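Data first, discussion second: the structure below is written as structure tokens.
The values are calculated or read from the model by the stated rules, or taken from the named source; none is laboratory data. In this text the structure is predicted, and so the values were computed from the model without any measurement. Cβ sites come from the backbone with ideal geometry, for glycine too, and all protein chains shown count toward neighbours. Accessible surface areas use protein heavy atoms only, side chains included; no ligands, DNA or RNA. Shrake-Rupley method; radii C 1.70, N 1.55, O 1.52, S 1.80 Å.
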Amino acid sequence: RGMLRGKVVYLNVFFSFRIREEGKDSIPEHPYLYETDVEISLVGGSCKNPVEKFWNGSSAMYILQKATHNEESDSMEESRTDDAVYASEVLPKESPGALALSVGRAKQLISLYTMVQNPNVTSLGMRDLAVLPPLWARCDGSDPQHTCWIGAEPLKAGSKITGLNIYTVSCDGPTADKTRFPNLEELKMEHKIRHHSSVVTTKGFAQYELIAAAAIEDTIAESGSSIYVDITWSGVEKILETPPVISAATLNIALESGDPRSPVFQLYRELQFLLALAEGLRTGVTEWPEPSESESAPKLVQEFLTDLKKKLDGDYIFEDKNETEKIKCDTAAVDSCIKSIFGERGDLDFTEQLWCKMKSECVSSYQELIDCFTLVIKSLERAEIQPWIHQGSSSFLSQLIQQSYHGKMEDVSLSDITPIQMLLEVGLEKLKKDYVSFFIEQKPLLFQDYFISTSVELQEQVHRVQKLHHMLEIMVSCTGLLQFRHENLFPLTQICMKYYKENPLNEKHVFQLPIRPALVKKFYQNDNPEVWRVEISSGHGQKEVKTTWQVSTTAPVEHGTSNSSGFLSDSTVNGSSEERLYFITMTQCSQVQFT
């Protein structure tokens, strides 16, 4: 008994004081060792949650796993007398499979944790200690149930602990043999017997990948982009049932820009050149593209100016007005707008057309840039051209053009960063109008002041244009892949705008849009889910207990992702190679009451 009390006291001191003191109310940078074989980390905040796929509780938790340390730390252990030691010598986690504790060792640690938390164990002197965060221990699946995690979560009434939820998570697979899946009635009966309950409720969850369902090749997946839908419903009737139409659904979109197949890929390339100019302006070093095999930028600009001289009539608009009308769209034709508007707008003014002659496919050096602007400025000074520009254009080149209307221009020194800044300003104005020409149908007055403001410094304007492009890529994908119409795009646009008004550019961010399942049902109704889960529950409040059965196409745990003694790992079942491979996860809960 004295030895047990010593272990509990050591464990409690370790949890309550050692980690918290080192962490200073934050997450400690290093893990710790307990009894030389167990590594303990406090996980929370922005840290990845290793149990989020089957538990959605407290954000802060202890993670216990097998320690791996080098020979130097082994020799140091021999001279240590403390049971809990600082583990700065712990090696990086090279082999996740080697980090799992035996199931017996994990249960022992959970038992010690339970005793530490129990206010009724007065002989240990633990009555006044604060409630600790939940604890989860990685397991090696060596038991018949293939247990991969065991967890303990305190139940509280106010500031006092009343008991614990004990979780056991087992995982097996992958398998394509659905005959090995249990019957839902069997799962419900097992839950009733385990928890002595007569009434249970069921909730379903399914996740479908919509990019694959829309017959898009795997290049999007390789880029890190994904579009999937999460669906939840009550009253599950059978395993792997298709969600009913009355379910609640959330569309999840994470999209990286730059897919060559995108209708806005050319605009993306223009944006990349704009970013290169902005970086050159910031650092003083500009990366120019390789010279093109086509005509040089100065030659293209000279031809452009010569053409304007021939057609000068003082009122000339450079594009056919009928063509401009063709590419306009209303809220009932967003898809046709996408296809037409990014070929090239029909209302390009002089500076925008000049950008098109000088963008990345053309200008290949700083000297070429100077040569191009020299040609333009001389033509303006000689009044050989009287170009039309958009009202409100504020670039330096636009100011020079406005001055030329009155026959007097200020002297311009095309040296240092001036030519780069001039081209950057022109490109920035052009791209802003490109994006607004799409979002105009999405009520731009809600965002124009922020996204296209000229009152902030140039680098910030470029950053906001990047945000506009990312939003556009999302809208185009939803229109092209999911055939969304304006009434669906509008709320998604507002969600994206709200996020980007408050956050920096983040193409990893998952945008979420509540939708009706019927909107995307045709993409998943004949497809297999990526994740399918049923939750069986009974009781209420703190007395509620749950049993969760889940299948997923990806392993739900990082350690022990396959088991040769478990289900089949072969995709061919009964002669078919078309079946989806699934990992099977079961999470069971039991309660320990202290009061």
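Okay, residues lined up against (1) of a type outside the set (A, V, I, L, M); (2) in contact (Cβ under 8 Å) with a residue 40 or more places away in the chain; (3) over 29 Å from Gly284 (Cβ atoms):
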| site | (1), (2), (3) |
| --- | --- |
| Leu369 | no, yes, no |
| Ile385 | no, yes, yes |
| Trp388 | yes, yes, yes |
| Ser394 | yes, yes, no |
| Leu397 | no, yes, no |
| His406 | yes, no, yes |
| Gly427 | yes, yes, no |
| Asp434 | yes, yes, no |
| Gln461 | yes, no, no |
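Restricting attention to region 231-271 and to residues that are open to solvent by 30 Å² or more (accessible area, probe 1.4 Å), of a type outside the set (A, V, I, L, M) and within 22 Å of the chain's Cα centre (by Cα), the residue that is nearest to Glu579 (Cα to Cα) turns out to be Thr232. Only a single criterion out of (1) at pLDDT below 70; (2) under 23 Å from Thr147 (Cα atoms); (3) not hydrophobic (A, V, I, L, M, F, W, C) is not satisfied by Gly23, namely (2). If the condition is being over 15 Å from Glu473 (Cα atoms) and of a type in the set (Asp, Glu), then region 485-508 contributes Glu487, Glu502. Between Leu397, Leu348, Leu354, Leu369, the distinction of being open to solvent by less than 30 Å² (accessible area, probe 1.4 Å) and assigned to a loop (DSSP other than H, G, I, E, B) belongs to Leu348 only.
Exactly one residue among Leu428, Leu482, Leu519, Leu472 is at pLDDT 95 or above and either closer than 30 Å to Ile370 by Cβ or under 24 Å from the mean Cα position of the chain (by Cα) (or both), and that residue is Leu428. Within region 408-425, the set of residues being in contact (Cβ under 8 Å) with a residue 60 or more places away in the chain and open to solvent by less than 60 Å² (accessible area, probe 1.4 Å) comprises Ile420, Leu423, Leu424.
Results for (1) among the β-branched types (Val, Ile, Thr); (2) buried (at least 21 other Cβ atoms within 10 Å of the Cβ); (3) modelled with pLDDT under 75, shown as yes or no for each residue.
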{"position": "Glu35", "(1), (2), (3)": "no, no, no"}
{"position": "Glu39", "(1), (2), (3)": "no, yes, no"}
{"position": "Leu42", "(1), (2), (3)": "no, yes, no"}
{"position": "Ser46", "(1), (2), (3)": "no, no, yes"}
{"position": "Ser58", "(1), (2), (3)": "no, no, yes"}
{"position": "Tyr62", "(1), (2), (3)": "no, yes, no"}
{"position": "Lys66", "(1), (2), (3)": "no, no, no"}
{"position": "His69", "(1), (2), (3)": "no, no, yes"}
{"position": "Glu72", "(1), (2), (3)": "no, no, yes"}
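The set of residues in region 373-394 being more than 48 Å from the chain's Cα centre (by Cα) and open to solvent by 40 Å² or more (accessible area, probe 1.4 Å) consists of Lys378, Glu381, Arg382, Ala383, Glu384, Gln386. Based on this model, can you work out whether Asp330 counts as modelled with pLDDT under 90, farther than 18 Å from Phe265 by Cβ, open to solvent by 60 Å² or more (accessible area, probe 1.4 Å) and of a type in the set (D, E, K, R)? Considered against the rule, which asks whether it is modelled with pLDDT under 90, farther than 18 Å from Phe265 by Cβ, open to solvent by 60 Å² or more (accessible area, probe 1.4 Å) and of a type in the set (D, E, K, R), Asp330 comes out as yes.
Can you tell me which residue within region 272-309, out of those that are closer than 30 Å to His470 by Cα and of a type in the set (Val, Ile, Thr), is surrounded by the fewest Cβ atoms within 10 Å (Cβ to Cβ)?
Restricting to residues being closer than 30 Å to His470 by Cα and of a type in the set (Val, Ile, Thr), the top hit is Val285.
Does Leu505 satisfy the condition of being in contact with a His (Cβ under 7 Å, 6 or more places away or on another chain) and more than 30 Å from Ser142 (Cα to Cα)? Answer is yes for this residue. Out of region 525-546, which residues are in contact with a helix residue (DSSP H, G or I) (Cβ under 8 Å, 6 or more places away or on another chain) and either part of a helix (DSSP H, G or I) or farther than 19 Å from Ile231 by Cα (or both)? Selection gives Ser538, Gly539, Val545.
Just one of (1) part of a helix (DSSP H, G or I); (2) open to solvent by less than 20 Å² (accessible area, probe 1.4 Å) fails for Lys522. It is (2). Would region 562-575 turn up any residue that is at pLDDT 60 or above and more than 33 Å from the chain's Cα centre (by Cα)? There is no residue in region 562-575 that is at pLDDT 60 or above and more than 33 Å from the chain's Cα centre (by Cα).
With the structure loaded, tell me whether Pro291 is in the same structural domain as Cys356 (by the TED database) and assigned to a loop (DSSP other than H, G, I, E, B) or whether it fails that test. Working first, answer last.
Working: in the same structural domain as Cys356 (by the TED database): yes; assigned to a loop (DSSP other than H, G, I, E, B): yes.
So Pro291 fits the description; yes.
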